[in-house]
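Just so you know, all these numbers are worked out from the coordinates, no wet-lab data involved. A quick note: this is a predicted structure, and the numbers were derived from the prediction, not measured. With ideal geometry, Cβ positions are generated from the backbone for all residues, glycine too; neighbour counts draw on all protein chains shown.
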Amino acid sequence: MQTSGSLMNELSQIVGQSAILSDAESSDYSYDGKVPKTIVLPASVGEIQDILHYASEKGLSVMPAGAGTKLGIGNLASPTDIVLATTQLSKVVEYEPADLTVTIEAGMKLADLQKELAQHRQFLPLIPPYSDKCTIGGIVATNVSGPLRLRYGTARNLALGMQVVHASGTVVKSGGKVVKNVAGYDLNKLYIGSYGTLGIITEVTLKLAPLPVKETIIAAQFQNIHDAVQAGLKVVRSQSLPSYSNLLVGNPIEPFKDNKPIVIIGFAGDPETISWQLKTTRSLLEQNNTIGVHIIDEEMNQSIKNAIWEFPAAEKKSKDILVKVNLKRTDLANFVEQTQIDICEMMALIGNGVLYLKIHTDADTDYQKLANTLSQLRQHAEVTNGNLIIENAPPDLKRQIDIWGSIGNTLKLMKQVKVKFDKTCLLNPGRFVSGI
């Protein structure tokens, strides 16, 4: 078995010593209490190819990564030999403001891209958790989005094309640089949300949106979750066209003082349109059992947006559990009402049927009992054709439950695709659904 020291020395022959992280710098890439043998930061596609050839020859595992914010998602697996982080690939390759498209290297931070785009009054309408440090490649590989998906969609809707390095070292390109460019199989969709199991994303072309002139939030409180969800759905279906409609439970915000459910609705556009949207929405909420409606002033806007943007984020050392449930939006209220679990906080993207549950644990937590409860919740979600994924959990829980759940009759096809793209299971082995 190759030691960490010898592995670092041999990889330094490919990328240079400065591109190998020291032990002190490796904490960002730990997962499930484990630290990979080495973290390497290649500066070119050629170096990525050389690393993959080396790993294949030595029989080593490789985990693709960006900034390391999402490495905790996945089943327990054997320790990883090499984490290949793309953060040195961080340039803008091509930007056409008039076309509302940009091509960037996958290691570019979302925050840095947004600063670049803002100079032209544009932005990428993806506001995922860890938005200050996550990378474009990581966003696409995990298909995260955020509350703005109600208006703009997810990474699957905004990624027009990409460049990917397969486990064999082969460089492939999919999609293109215009919105309507697909003839035949859409390989883009295959890589998006594959968690680095099919290849290492090195470049992405994205569809952009104009920055809105103004943004405003209206918040309403309700006696119970059912009334809150129903009111939020009526706003989503109305002509007011909100950017997002989110339910918060267990996380009170100003000016509300107690812990009753809150619906937070955001609007973006020109001031005259927003004025009409607020008036229409306030009237609709007041007709649907709200116990208080407030238009949030500009000083509070950012703190409330941060609360919902970052709700799904989790500290690496935290033992809190984050559960993501995907449902039809009409099933949200019923699912939440039947959830018999000690949940301290929850947030729902009402217009998309996405529910996040935060479960606090401590030294006395019975993980077997908790796993049984989560399994029952998963069954309840699956009855309505939904699913339940555990996005963050301590190893003690992961030993008791599959974090992904069943994927039904698509498993055989997924395994065939994995073998086709990565015959020796070099990339991120054992972490994805059903141990793929």
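Quick notes on this structure:
- Per residue, the convex hull volume that the Cα atoms of region 4-85 enclose (Å³): 90
- Interchain or long-range residues, amide H under 5 Å from E345's placed H: K358
- Pairs beyond 29 Å (Cα-Cα), from K58/K358; K109/K324; K207/K257; K177/K328; K177/K420: K58/K358; K207/K257; K177/K328
- Rounded to 5, the percent of DSSP beta bridges in the chain classed as antiparallel: 90
- J(HN,Hα) series, region 33-38, from Karplus relation 6.51 cos²θ - 1.76 cosθ + 1.60, nearest Hz, glycine and proline x: x, 10, 10, x, 4, 7
- Extension gain for the segment S6 to S318, taken as residue separation times 0.36 nm less the Cα-Cα distance, is 109.1 nm to one decimal.
- The chain: calculated mean residue ellipticity at 222 nm from DSSP helix runs of at least 4, using -39500 (n - 2.57): -9000 deg cm²/dmol
- Among the GluC sites (Glu not before Pro) found in region 287-350, those both in a DSSP coil and sparsely packed, with 12 or fewer other Cβ atoms within 10 Å of their Cβ, are E315.
- Area projected by the alpha carbon convex hull of the chain, averaged over all directions, nm²: 21.6
- Separation in nanometres of the label points that stand 7 Å from Cα toward Cβ, at C425 and E57: 2.4
- Which of C344, V383, A333, positive extreme of dipole for region 321-405 (C-beta unit charges): V383
- FRET E, pair E25, E310, Förster distance 35 Å, beta-carbon r, rounded to 0.05: 0.90
- Backbone geometry of region 69-74 corresponds, through the Karplus equation with coefficients 6.51, -1.76 and 1.60 at θ = phi - 60°, to 3J(HN,Hα) couplings of 6, 10, 5, x, 7, x Hz, x marking Gly and Pro.
- Per-peptide average of other Cβ atoms within 10 Å, ordering 349-358, 275-284, 74-83 highest first: 349-358, 74-83, 275-284
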